[in-house]
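Each remark here refers to the structure printed beneath this line.
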Amino acid sequence: MDAALQDAEERRQLAADLRLEARNLLVDTGLLELLNARFGEAVVTGSAGYDLMVWRDIDIHMPCEAERWAEWAGLGADIAIQFDRAGLQLHKANYLNDYVDPHPLGAGLYWGIEFRDFAGNDWKCDIWGWEPFDFAVRQARDANLRADLTTTNRDLILKLKHEARGRPGYYGVMVGSFDIYQFVLAGAGETLDELEQWKGLVA
């Protein structure tokens with residue numbers, strides 16, 4: 001892990017700075033306004049919503065009926081145009097209709113976009129459209145998680161995230177953010193090795 005990230009206050013400050021960048025970016029590009037206008041309720045969740053960011057990544061969830069897949073498919077072009085108007089270029093966009101082959105944890109519509117901000121920083125944004133009832137259920141679960149995360153060891157979460165991201169092919173493959181959240185909330189340990197044991201990845 002980078003020495004600059006071994007200090008708790010610097011980890012906290014980095015998370016706060018990244019969250020402010022994310023908030024400004026969503027407003028300055030008009031992306032949040034576009035999504036709210038289309039789908040009524042665009043919610044920033046994940047690390048950007050929990051103020052636990054360690055890199056430039058934003059998760060957004062919205063209600064969207066499965067039958068609106070064609071409108072959702074056209075959203076990629078609309079985002080590219082919106083970015084162009086704001087003075088940015090959409091670099092990559094990945095569309096997924098997960099209703100075709102539903103994931104065990106639920107099906108939805110998805111756009112994964114990548115771009116550079118006005119300062120040249122790389123960003124990734126995962127945009128999900130869930131069936132409205134499913135969206136409401138997920139929002140209720142998310143509210144409970146947000147509440148739990150306010151009372152736990154937040155620096156340990158940031159520390160483990162930084163360490164995990166420092167291991168090639170590890171973060172998002174062996175363990176993800178949700179694993180780290182649950183591990184710390186459970187008080188199951190303080191290291192990635194303990195997390196792997198807790199998750200059952202090692203004997």
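The values are calculated or read from the model by the stated rules, or taken from the named source; none is laboratory data. Small disclaimer: the values here were computed from a predicted structure and weren't measured. Positions of Cβ are generated from backbone atoms using ideal geometry, with glycine treated the same way; all protein chains shown enter the neighbour counts. Surface areas here come from the heavy atoms of the whole protein model, side chains and all, with no ligands, DNA or RNA. Shrake-Rupley method; radii C 1.70, N 1.55, O 1.52, S 1.80 Å.
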Ordering of 101-107, 57-63, 178-184 by burial proxy (mean other Cβ atoms within 10 Å per residue, highest first):
57-63, 178-184, 101-107
Roughly to the nearest percent, how much of the accessible area of the stretch 87-137 is carbon and sulfur, given a 1.4 Å probe?
57
Degrees between helix 8-29 axis and first principal axis of the chain (Cα, 0 to 90, nearest 10)
0
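In what sequence, largest accessible area first, do MET53, MET174 appear using a 1.4 Å probe?
The ranking, largest first, comes out as MET174, MET53.
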Relative to the longest principal axis of the chain, what angle (0 to 90°, nearest 10) does the C-alpha long axis of helix 132-149 take?
30
For the chain, state the average projected area of the convex hull of the C-alpha atoms over all orientations, rounded to one decimal in nm².
12.0
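Taking N as the number of residues in the stretch 124-178, what value does Rg over Cα atoms divided by 2.2 N^0.38 Å take?
Details: Rg = 14.2 Å, N = 55, 2.2 N^0.38 = 10.1 Å.
The value comes to 1.41.
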Before rounding to the nearest 500, sum -39500 (n - 2.57) across all DSSP H runs of length at least 4 in the chain and divide by the residue total; then give [θ] at 222 nm in deg cm²/dmol.
-15000 deg cm²/dmol
Sorted by accessible surface (1.4 Å probe, heavy atoms of the protein chains only), largest first, SER177, SER47 come out as SER177, SER47
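Could you work out how much longer the chain between ASP117 and ALA143 gets when fully extended? Use 0.36 nm per residue separation minus the Cα distance between them, nm to one decimal. Don't jump to the answer; show the numbers that get you there.
Values: separation 26, 0.36 × 26 = 9.36 nm, distance 2.92 nm.
Gain on extension, ASP117 to ALA143, equals 6.4 nm.
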Under 22 Å between C-alpha atoms, the lysine pairs in the chain lying 8 or more places apart or on different chains count 5
Give me the percent relative contact order of the stretch 1-132, please, defined on Cα pairs under 8 angstrom at least 6 residues apart.
23
What distance in nm separates the simple spin-label points at GLU190 and ALA37, each placed 7 Å from Cα in the Cβ direction?
5.1
Out of VAL54, VAL175, VAL137, a Gaussian network model of the chain with alpha-carbon springs under 10 Å gives the largest mean-square fluctuation to VAL137
